[in-house]
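The values are calculated or read from the model by the stated rules, or taken from the named source; none is laboratory data. All values reported here derive from a predicted model rather than from experimental measurement. A quick note on method: Cβ atoms are made from the backbone with ideal geometry, for glycine too, and the neighbour counts reach across all protein chains shown.
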Amino acid sequence: MSPRPAWSTRPASGTCSARTCPGATYRSGRGWRSAPGTGWCWTTTPTARRTPSSLAGAAQGFASVVLVTIGTGIGGALVLGGRLVRGAHGLAGEFGHMQAVPDGLACECGLHGCWEQYCSGRALERVSRVALGRHLDGPEVTAMALAGDEVARNAFASIGTWLGVGTAALVSAFDPEVVVVGGGVSAVGDLLLAPARVGLRGALQGTDHRPVPDIVPAALGPGAGAIGAALLARDGRP
Ligand SMILES: [Zn+2]
């Protein structure tokens, strides 16, 4: 596998000699900006080559990944240093029940204002119902959105923005290289992910001096969980 770029510190007044780095710069989204005085640059290092990384799908090759799956609710997973983070009790990744709105909508978990009440298949149906005055299920709203219906597209824009806002909290906490979004609701692609990228950038602190990870679609479809489980079993990863 080819080495992946990694952040390295450099003297603020120095000049990086790496071919990919024209000096003291930082990578912002897909672009480059100078960052005079910060001492940060984007380069490749032998250390990065040895970092364990995700093994398959859209996260393949990345060592730090946030996965958000959007179906009826929100699921998720976190990979740091190439290792799946399970938590002390195997409960890590319950991103959907992070509180997004104090005293917000009631959640099936018994709390109020959970993220998945604003970004999920159920949220999509609720937003659509309010706008249309009648109930449609998620696949029906998705079909309408893909056919160009403005109301359905606005419903995806709403939950997409919430996807970005919640993702900003995860990015602040874990500083991933990439955010992968899967689950049935993500089948609309950029109708969901484009507003999510805008929402992420708007809710993330320090965007003038930190890289903002891209939000990309998952690649393995409904079999992703089984593939991941098989890889974990094969490699005996904790
Ligand atoms: Zn909840």
- Output the residue which, of all residues in region 190-238 that are of a type in the set (Asp, Glu) and more than 17 Å from the chain's Cα centre (by Cα), is farthest from Leu55 (Cα to Cα). Asp208
- Query: Assuming Asn154 fulfils every condition listed in (1) more than 21 Å from Val66 (Cβ to Cβ); (2) at pLDDT 95 or above; (3) within 15 Å of the ligand (Cβ to nearest atom) apart from one, which condition is it?
  - Reply: (3)
- Sole exception among (1) crowded, with 23+ Cβ neighbours inside 10 Å; (2) within 14 Å of the ligand (Cβ to nearest atom) for Ile70, by number: (2)
- Which residues, taken from region 187-208, are in contact with a strand residue (DSSP E or B) (Cβ under 7 Å, 6 or more places away or on another chain) and assigned to a loop (DSSP other than H, G, I, E, B)? Gly189
- Message: Given the condition at pLDDT below 95, assigned to a helix (DSSP H, G or I), in the same structural domain as Asp214 (by TED's automatic domain parsing) and among the small types (Gly, Ala, Ser), answer yes or no: does some residue in region 49-58 qualify?
- Response: yes
- Among the residues of region 132-151, is any among the aliphatic types (A, V, I, L, M) and within 16 Å of the ligand (Cβ to nearest atom)? no
- Can you find a residue in region 95-117 that is in contact with a helix residue (DSSP H, G or I) (Cβ under 8 Å, 6 or more places away or on another chain), more than 16 Å from the ligand (Cβ to nearest atom), of a type in the set (A, V, I, L, M) and not in a loop (DSSP other than H, G, I, E, B)? no
- Query: Any chance region 157-173 includes a residue that's over 20 Å from Gly225 (Cβ atoms), assigned by TED's automatic domain parsing to the domain that holds Gly93 and not in a helix (DSSP H, G or I)?
  - Reply: no
- Examine region 174-186 for a residue that is in a helix (DSSP H, G or I), without any contact (Cβ under 8 Å) to a residue 40 or more places away in the chain and not aromatic (Phe, Trp, Tyr), and state whether such a residue exists. no
- Query: Can you tell me which of Val141, Val130, Val180 is surrounded by 21 or more Cβ atoms within 10 Å (Cβ to Cβ), of a type in the set (A, V, I, L, M), assigned by TED's automatic domain parsing to the domain that holds Pro213 and farther than 30 Å from Gly82 by Cβ?
  - Reply: Val141
